[in-house]
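The values are calculated or read from the model by the stated rules, or taken from the named source; none is laboratory data. This structure is a prediction, so every number in the text was calculated from the model and none was measured. With ideal geometry, Cβ positions are generated from the backbone for all residues, glycine too; neighbour counts draw on all protein chains shown. Side chains are part of the model used for accessible areas, which takes the heavy atoms of the whole protein and leaves out ligands, DNA and RNA. Shrake-Rupley method; radii C 1.70, N 1.55, O 1.52, S 1.80 Å.
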Amino acid sequence: MFPLNYPRPFITKYLLISAALLAVNSHAKAPTDTHIKSKTSYQQAVAQLGYRELAETFSRSKALAISTLADEEKLSLQELQAAATLELIGAPIAKGEQVLQDFVAQYPRKDSAYLGQLNEPSLYQRIAINWHNSTAVEPSAFALELRQLIAQGIATGYNLVTTPWPFFATERHVIYGHSDIQHAQQLLALLASEGLQARVGLSRKTSAFLYRDDWGTLSQSLIDVGNNRRLVEASEYDLHFEFLTAADKTRFVAAIDRYAKKESAEQIGLILGAWWQPFYRSRTAAEGFASATQIAVSNGSETALLLTLPEQAPALVKAIQQLNPSWSIAPEAIWVNLAFHRYLRGGYK
């Protein structure tokens, strides 16, 4: 995937090694659900995060009142102080050593896309404020030139990523695209109701995609690009989820298929804004996802992401090169939900 603190101009060296890095990361082990056993793990984490002095102010009774660990009575005072401090700042101390290590590594990074934990009640307001306070981006010359890929029937669409991505672990990361922020709020509540836990981020994008006549009337205006093709261009977002385990992706797919995917025009029992073909993807292979190719195209200051079937990727790369030889191009493997995979094949459901 392109750098997670994207967007910024693509670095040629990064583009050449990104696929190799993804292959390495995809073999990382998922975290376990056991408590941390190392005697100094909590203390080390607190020291790394910069809260050691605070931890040392806690009496044992105060730390016990804060801690929710099942084995808290067995901990030394120093470990108990550290565990209580970690709980205060939202560290996932009961979710496994790898999850805590990820939290410690990511904590000091300037991650403007990270919003919070899935089960935080204030997340619903924060995500709406983030969306409404950001500014939609007008189509650039780069975006207008990319329309030719849709006009010529070479691609079905593209995304221009206009704000950074969160720093999420590759193997547990799912990216979900949509345009309605109320849909995002309902989706977050839906996933929480299904018992899923995840770190949540939000990034903005400008999307352009081929319109299917079977979709019916849309609220967005359609852009005629010739050759009997029309595209939808919209200001959208990507919701980012970093689940506790890679296996949680399967539970996510089941929730989307049941409550956020339209199967008939008058279907009830769905959350607001359910689409015929929801669009979400995994950065590693997972059950409920199909193989696709993501192509990052950059003019040096902007980058577009195009998705296609693996067998069609070489022709698409060639067409992009012919359209503008000065652009840098980086294809890589991605895994998309089955409904969107059918969209890539020309279906509308």
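Structural remarks
- Simple spin-label estimate for Ser301 and Asn133 in nanometres, 7 Å along Cα-Cβ: 2.7 nm
- Each Cα pair under 8 Å and six or more residues apart adds its sequence gap; the mean of these over the residue count of region 92-217 is a relative contact order of 40 percent.
- Divide the volume of the convex hull around the Cα atoms of region 246-316 by the residue count and you get 145 Å³ per residue.
- Per-bin percent of Cα-Cα distances, the chain [20 Å]: 28, 54, 17, 2
- Estimated [θ] at 222 nm from DSSP helical runs (n ≥ 4, -39500 (n - 2.57)) normalised by residues in the chain, nearest 500: -10500 deg cm²/dmol
- Within a Gaussian network of the chain (alpha carbon springs, distance under 10 Å), most fluctuating of Glu56, Glu263, Glu287: Glu56
- Normalised contact order of region 183-304, rounded percent, pairs of Cα under 8 Å and 6 or more residues apart: 24 percent
- Of all accessible heavy-atom area on the chain, the percent that carbon and sulfur account for (1.4 Å): 53 percent
- Debye log10 I(q)/I(0) at q = 0.20, 0.21 Å⁻¹ for region 187-326, Cα point scatterers: -1.50, -1.54
- Looking at region 119-166, the pairs of alpha carbons with a distance over 15 Å make up 63% of the total.
- Across Ser221, Ser328, Ser282, mean-square fluctuation computed from a Gaussian network of the chain (C-alpha pairs under 10 Å connected) peaks at Ser221.
- Region 37-125: chymotrypsin sites (Phe, Trp or Tyr not before Pro) in DSSP loop, at most 15 other beta carbons within 10 Å: none
- Legend: P(r) of region 48-112 from all alpha carbon pair distances, 5 Å bins from 0, whole percents, reading 3, 18, 28, 24, 17, 6, 2, 1.
- Inter-centroid distance (Cα atoms) of region 307-346 relative to region 245-303, Å: 17 Å
- For Leu188, net neighbour charge (Lys/Arg +1, Asp/Glu -1) across residues whose Cβ lies under 15 Å away: -3
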